[in-house]
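Encoded as structure tokens, the structure appears first; notes follow it.
The values are calculated or read from the model by the stated rules, or taken from the named source; none is laboratory data. A quick note: this is a predicted structure, and the numbers were derived from the prediction, not measured. Cβ atoms come from the backbone with ideal geometry, glycine included; neighbour counts cover every protein chain shown. Each accessible area value is taken on the protein alone, full model and side chains, heavy atoms only, with ligands, DNA and RNA left out. Shrake-Rupley method; radii C 1.70, N 1.55, O 1.52, S 1.80 Å.
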Amino acid sequence: MSARIIDGKTISADLRGKVTDAVHRLRRDRGIVPGLAVVLVGNNPASRVYVRNKSKAVTEAGLRSFDQHMPEDVSEAELLDLIARLNADAQVNGILIQLPLPPQINADKIIAAIDPDKDVDGFHPLNAGRLASGLPGLVPCTPLGCVRLAKTVHASLAGLEAVVIGRSNIVGKPVAQLLLAENATVTIAHSKTLDLPAVCARADLLVAALGRPEMVLGAWIKPGATVIDVGINRIAGEHGRPRIVGDVAHAEARGIAGAITPVPGGVGPMTIACLLLNTLIAACMQNGLPAPKI
Ligand code: GUN
């Protein structure tokens with residue numbers, strides 16, 4: 001039997017609609033318009049596309065967009081100075097520094113300079129620590145999107161065997177923390193894991209965030225499992241045309257899984273929707289209002 005496809009486009013459109021409504025109410029009732037500053041350094045083509053898509057989504061949701069484009073050779077001091085100005089600007093509720101940054105910039109130092117209450121990426125060590133400690137805080141967007149997608153399949157994640165492949169600070173570790181907070185039994189697998197197929201075969205919920213095209217094979221997947229594919233890999237397709245594939249061999253996995261995200265159109269669109277949600281939450285927190293339940 002073929003797996004149910006978890007349609008990230010539709011699910012993210014629904015979330016974006018709810019955020020847009022909540023933003024409208026915030027403006028109408030309190031006169032508050034949440035603002036997001038996206039900082040792009042240099043001209044990395046992929047980063048430019050991401051930033052353009054983010055800014056479009058921000059404006060469409062009724063938020064204010066404060067885009068900042070810095071040259072490739074910007075110094076660390078100049079970037080820290082920009083962050084200090086954005087931290088101090090009451091109209092800016094969220095700050096996102098598009099990664100990767102050029103080699104002269106220490107990304108850890110830059111992330112640590114962002115006001116944690118404006119850290120809509122959830123990358124600041126304070127927010128990572130809050131997540132690990134079960135305290136409220138801003139949570140990384142892609143992991144949040146993964147969990148929201150899993151919850152469209154499972155009313156509760158409690159007691160599920162969840163396996164996360166990948167241990168990055170951006171996806172693997174935070175998604176594992178979020179699943180733990182949902183009372184799943186969580187295993188984090190990575191490049192040094194012995195017998196990865198056997199570990200994956202235990203999973204009722206498999207999150208693939210290893211960054212290797214189509215590495216997770218159908219035979220690794222427990223029949224009926226839910227598979228969330230975080231990978232976005234560009235490979236050469238037929239006639240040399242580039243093709244975007246995930247970290248899961250989708251065609252074969254689809255015959256075994258119970259539900260699976262497509263690539264593109266799965267996790268990707270959820271990341272931007274969750275960024276809008278985080279900016280709304282940050283604006284509410286900064287104005288002493290409860291975070292909206294969306
Ligand atoms: N580059 C690739 N993904 C991301 C992300 O989620 N946040 C930021 N800031 N940069 C990225």
- Item | Residues located in the range 119-139, provided they are within 13 Å of the ligand (Cβ to nearest atom) and in contact (Cβ under 8 Å) with a residue 24 or more places away in the chain | Asp119, Val120, Asp121, Gly122, Phe123, Leu138, Val139
- Note on the structure: For the range 20-57 the number of residues that are away from the ligand (no atom under 12 Å from the Cβ) and either in contact (Cβ under 8 Å) with a residue 40 or more places away in the chain or outside any helix (DSSP H, G or I) (or both) is 13
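Any idea how many residues of the range 80-93 are open to solvent by 20 Å² or more (accessible area, probe 1.4 Å) and either closer than 21 Å to Lys109 by Cα or part of a helix (DSSP H, G or I) (or both)?
7
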- Message: Looking at Ala273, Ala236, Ala251, Ala225 in this structure, which one is open to solvent by less than 50 Å² (accessible area, probe 1.4 Å) and away from the ligand (no atom under 16 Å from the Cβ)?
- Response: Ala225
- Considering each of Ala112, Ala77 in turn, give the residue that is part of a helix (DSSP H, G or I) and in contact (Cβ under 8 Å) with a residue 12 or more places away in the chain. Ala112
- When you look at Gly17, is it within 27 Å of Lys151 (Cα to Cα), of a type in the set (Gly, Ala, Ser) and not in a helix (DSSP H, G or I), yes or no? no
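Listed here are the residues, each with its yes/no results for (1) β-branched (Val, Ile, Thr); (2) within 19 Å of Leu15 (Cα to Cα).
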residue	(1), (2)
Phe123	no, no
Gly129	no, no
Ala132	no, no
Leu135	no, no
Leu138	no, yes
Ala155	no, yes
Leu160	no, no
Val164	yes, no
Ser168	no, no
- Task: Kindly list, by first and then second residue, each pair from a residue in the range 140-154 that is among the hydroxyl-bearing types (Ser, Thr, Tyr) to a residue that is more than 16 Å from the ligand (Cβ to nearest atom) and open to solvent by less than 30 Å² (accessible area, probe 1.4 Å), limited to pairs with Cβ atoms under 8 Å and residues at least 6 apart or on different chains.
- Result: Thr152/Ile6
- Message: Please go through (1) more than 27 Å from Gly224 (Cβ to Cβ); (2) open to solvent by 50 Å² or more (accessible area, probe 1.4 Å); (3) of a type in the set (A, V, I, L, M) for Ala155 and return the number of the only condition it doesn't satisfy.
- Response: (1)
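Output the helices (runs of 4 or more DSSP H) that fall wholly within the range 141-254 and possess 2 or more residues being more than 18 Å from the chain's Cα centre (by Cα) and either modelled with pLDDT of 95 or more or closer than 30 Å to Ile97 by Cβ (or both), or say none. Please lay out each step first, then the result.
Working: elements: 141-150, 172-181, 196-200, 250-254.
Per the criteria, 196-200, 250-254.
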